[in-house]
Ligand code: ATP
Ligand code: MG
């Protein structure tokens, strides 16, 4: 089944998040069918990722951005983190350290981009530097405003070097977010996640929305497209992202390298070893 692609934002178009429904469930009537799809698709992703790793020619960068509790962690646990960790790494980007702040905003990001054969998953990213930084007024407008262009050049540079980029915005409603905050309050295992800052960000929901819309609209290209993933239903979020990642890897079509050794010779070596072993019995 192919789906998920319909959530792409066409480059050049103006995104309006309020026009996109966060409760969509695509072709699924319920969670069981979606979970089954995700499990099968995860297996296909693993096979394709194996070929990517062996081929060593291309790489994949997955960028995750979302309001709190939209499910970046869950998506990593249930889909992206299921790839073979030998060729896939997740990088969370938190409040920059003193050392990071002493450099340009892409310094810490560039170091984590995937080399050939590898996949990087960014849990938050360089987009924070035009989102929280803008809404919280951490640098002047003239500084963050130039970053859209800088980000476009940066992503173009990665694409030229053979990196496919997929950017996902996990789209949840204010109501669903509050519901998830309540579940965190009710579950002692999740108390470590509670923080007053999450509630403060709710007061600035519209300012964040505007910042997201600007970032998605201004930094969106064929090589580095944005997808707005309806994320009120966790099972739909996982299925949609899994479908898009699988389709993208299929499009990249990583190939096993040609065999350079002489297989007949290797077979003969094997036969010799086997005969020797049997002779020792
Ligand atoms: P969780 O879903 O578990 O809450 P999280 O990604 O929100 O995970 P936190 O440790 O709660 O992780 O928050 C990280 C914070 O760092 C976020 O508020 C984010 O906006 C902030 N941050 C990330 N990058 C930057 C940046 N470049 N400048 C300022 N703040 C940043
Ligand atoms: Mg948080």
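The values are calculated or read from the model by the stated rules, or taken from the named source; none is laboratory data. All figures in this text were calculated on a predicted structure; none of them were measured in a lab. Positions of Cβ are backbone-derived with ideal geometry, glycine not excepted, and every protein chain shown enters the neighbour counts.
What to note about this one:
- Residues of region 35-81 that turn out to be within 16 Å of ligand 1 (Cβ to nearest atom), touching a strand residue (DSSP E or B) at 6+ places or on another chain (Cβ under 9 Å) and not in a loop (DSSP other than H, G, I, E, B), as a count: 10
- Residue match in region 197-216 (condition: in contact with a strand residue (DSSP E or B) (Cβ under 7 Å, 6 or more places away or on another chain) and away from ligand 1 (no atom under 16 Å from the Cβ)): yes
- Single residue of region 163-185 satisfying the filter (in a helix (DSSP H, G or I) and in contact with a helix residue (DSSP H, G or I) (Cβ under 9 Å, 6 or more places away or on another chain)) that is surrounded by the most Cβ atoms within 10 Å (Cβ to Cβ): 177
- Annotation: residue 84 fulfils all but one of (1) in a strand (DSSP E or B); (2) within 17 Å of residue 242 (Cβ to Cβ); the unmet one is (1).
- Considering residues of region 186-196 that are in a helix (DSSP H, G or I) and under 16 Å from residue 67 (Cα atoms) only, the residue farthest from ligand 1 (Cβ to nearest atom): 196
- The one condition in (1) buried (at least 19 other Cβ atoms within 10 Å of the Cβ); (2) farther than 25 Å from residue 133 by Cα that residue 55 fails to fulfil: (1)
- Apart from one condition, residue 223 fits all of (1) within 16 Å of ligand 2 (Cβ to nearest atom); (2) at pLDDT below 95; (3) in contact with a helix residue (DSSP H, G or I) (Cβ under 8 Å, 6 or more places away or on another chain); the exception is (1).
- Residues that are more than 16 Å from ligand 2 (Cβ to nearest atom) and part of a loop (DSSP other than H, G, I, E, B), drawn from region 103-129: 103, 104, 105, 106, 111, 112, 113, 114, 115, 116, 117, 118
- Against the conditions (1) on the phi > 0 side of the Ramachandran plot; (2) surrounded by 12 or more Cβ atoms within 10 Å (Cβ to Cβ), residue 12 satisfies every one except (2).
- Residue match in region 81-102 (condition: more than 27 Å from residue 173 (Cβ to Cβ), surrounded by fewer than 16 Cβ atoms within 10 Å (Cβ to Cβ), touching a residue at least 60 places away in the same chain (Cβ under 8 Å) and away from ligand 2 (no atom under 16 Å from the Cβ)): no
- Residue count for region 186-198, restricted to those that are touching a helix residue (DSSP H, G or I) at 6+ places or on another chain (Cβ under 8 Å) and more than 11 Å from ligand 2 (Cβ to nearest atom): 2
- Just one of the listed residues (231, 215) is touching a helix residue (DSSP H, G or I) at 6+ places or on another chain (Cβ under 8 Å), surrounded by 14 or more Cβ atoms within 10 Å (Cβ to Cβ) and more than 29 Å from residue 31 (Cβ to Cβ), and it is 215.
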